[in-house]
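> One structure coming up, written as C-alpha cells, with questions to follow.
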Amino acid sequence: MSDWIDQFPGLSRLNAELRRTLTERSRIAAVPAGTVIFGPGKAPENLLLLLAGVVRVQQVSETGREIVLYRVYAHESCVLTTACLLAYEDYSAEGIAETDVSAVAIPRDVFEDMIARSSAFRSFVFTAFAKRITDLFTVIEHIAFQRIDIRLAQKLLELQGERGEIQLTHQQLATELGTAREVVSRQIQEFQRRGWVAAARGSVTVSDRPALQAFAEA
C-alpha cells in the first residue's frame, strides 16, 4: 500500500516515520462512475488523493444552472476539499466521479497532524492549492470577459476525440461553460452553418478543425 506515496512527488520527500503514519492511517477507496462523492452542506471527512479516474467538481446556482469548476485527475487532490478541511467549512459544490475512481482517503485528524508536523506535507498541500486557485481565476475570467462563441469553440477543441467527436448533449456543454442550453444550441447551429461542426443527437463532431481553431484563437 505504501507504493501510492511515490505517485505524488511532493509526498515522496517524507521521511520514513511520516510515510508510515500516512500508510497505516489512510485507506484506499474505490467508487464507481456516477457516484456523488461530496455535495453542498456536507463536511469533508478525508483529504482524497486520486490514484486513478476523474472527478468533476461543479457548482449549482439557486436557479438550477450548473457550471463545471474543474476536474481532478490521477495524482491530484481536490482544492475544495482542502479548503473546507482547513476552514472547517461544509462543501459548497458537488464532486461526481466521471469514471471509476480509486483514491487514497486521508482522515481529517491525520491531515491536521501532518500539516502541523511536516513542512514537506504542508508544501505538497499548499502548492496544489495555489495551482488550482490560479486555474479557478482563469475560469472566472473566461466566464466574465470572454465571448461565449469563442469559449464554446475552445471547449469543443479541448473535448474532441481522435475523430473529432464530442459525446455530450447541448445541456452538458452548457454546464461545462456555465451558460444556458439555448445559448449553446444557437452557437452550435451557427458553427454547423459555417461547416465547422456536424451536430447529431447527443454529440457534436468537429469537421473543420483548422477553421474552428483559427476562430478560437482570434
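> Considering only the stretch 57-82, state which residues are open to solvent by less than 50 Å² (accessible area, probe 1.4 Å), closer than 23 Å to Ala130 by Cβ and part of a loop (DSSP other than H, G, I, E, B).
Within the stretch 57-82, Ala74, Cys78 qualify.
> Name the single residue, out of those in the stretch 114-149 being modelled with pLDDT under 90 and polar (S, T, N, Q), that is nearest to Leu177 (Cα to Cα).
It comes out as Gln146.
> Condition first: among the hydroxyl-bearing types (Ser, Thr, Tyr) and under 17 Å from the mean Cα position of the chain (by Cα). Can you find one or more residues in the stretch 161-184 that meet it?
Yes, that holds for at least one residue.
> I would also like to ask the following. Whether any residue in the stretch 89-98 is within 18 Å of Ala29 (Cα to Cα), in a loop (DSSP other than H, G, I, E, B) and in contact (Cβ under 8 Å) with a residue 40 or more places away in the chain is what I want to check.
yes
> With (1) closer than 19 Å to Arg132 by Cβ; (2) touching a Ser or Thr at 6+ places or on another chain (Cβ under 6 Å); (3) hydroxyl-bearing (Ser, Thr, Tyr) as the list, and Thr23 as the residue in question, which single condition is left unmet?
Result: Thr23 fails condition (1) only.
> Report, by residue number, each residue of the stretch 133-170 that is in contact with an Asp or Glu (Cβ under 8 Å, 6 or more places away or on another chain) and among the acidic types (Asp, Glu).
Asp149
> Looking at Ala128, Ala144, Ala198, Ala180, which is the one that is closer than 22 Å to Gln59 by Cβ and touching a Ser or Thr at 6+ places or on another chain (Cβ under 7 Å)?
Ala128
> Any residue in the stretch 31-46 that is in contact with a Leu (Cβ under 6 Å, 6 or more places away or on another chain), of a type outside the set (Val, Ile, Thr), touching a residue at least 40 places away in the same chain (Cβ under 8 Å) and open to solvent by less than 80 Å² (accessible area, probe 1.4 Å)?
So far as the stretch 31-46 goes, yes, one or more of its residues are in contact with a Leu (Cβ under 6 Å, 6 or more places away or on another chain), of a type outside the set (Val, Ile, Thr), touching a residue at least 40 places away in the same chain (Cβ under 8 Å) and open to solvent by less than 80 Å² (accessible area, probe 1.4 Å).
> Between a first residue in the stretch 193-215 that is in contact (Cβ under 8 Å) with a residue 60 or more places away in the chain and within 15 Å of Asp149 (Cα to Cα) and a second residue that is open to solvent by less than 40 Å² (accessible area, probe 1.4 Å) and among the hydrophobic types (A, V, I, L, M, F, W, C), which pairs have beta carbons less than 6 Å apart while being 6 or more apart in sequence or on different chains?
Partner pairs satisfying both residue conditions: Phe215/Ala153.
> With the requirement that a residue be more than 14 Å from the chain's Cα centre (by Cα) and either more than 25 Å from Thr23 (Cα to Cα) or open to solvent by less than 20 Å² (accessible area, probe 1.4 Å) (or both), what does the stretch 88-98 give you?
Glu89, Asp90, Tyr91, Ser92
The values are calculated or read from the model by the stated rules, or taken from the named source; none is laboratory data. Here the structure is a predicted model, which is why all the values come from computation and not from measurement. Quick reminder, even Gly has a Cβ in these numbers, built from the backbone with ideal geometry, and neighbours come from all protein chains shown. SASA here: full protein model, heavy atoms, side chains in, ligands and nucleic acids out. Shrake-Rupley method; radii C 1.70, N 1.55, O 1.52, S 1.80 Å.
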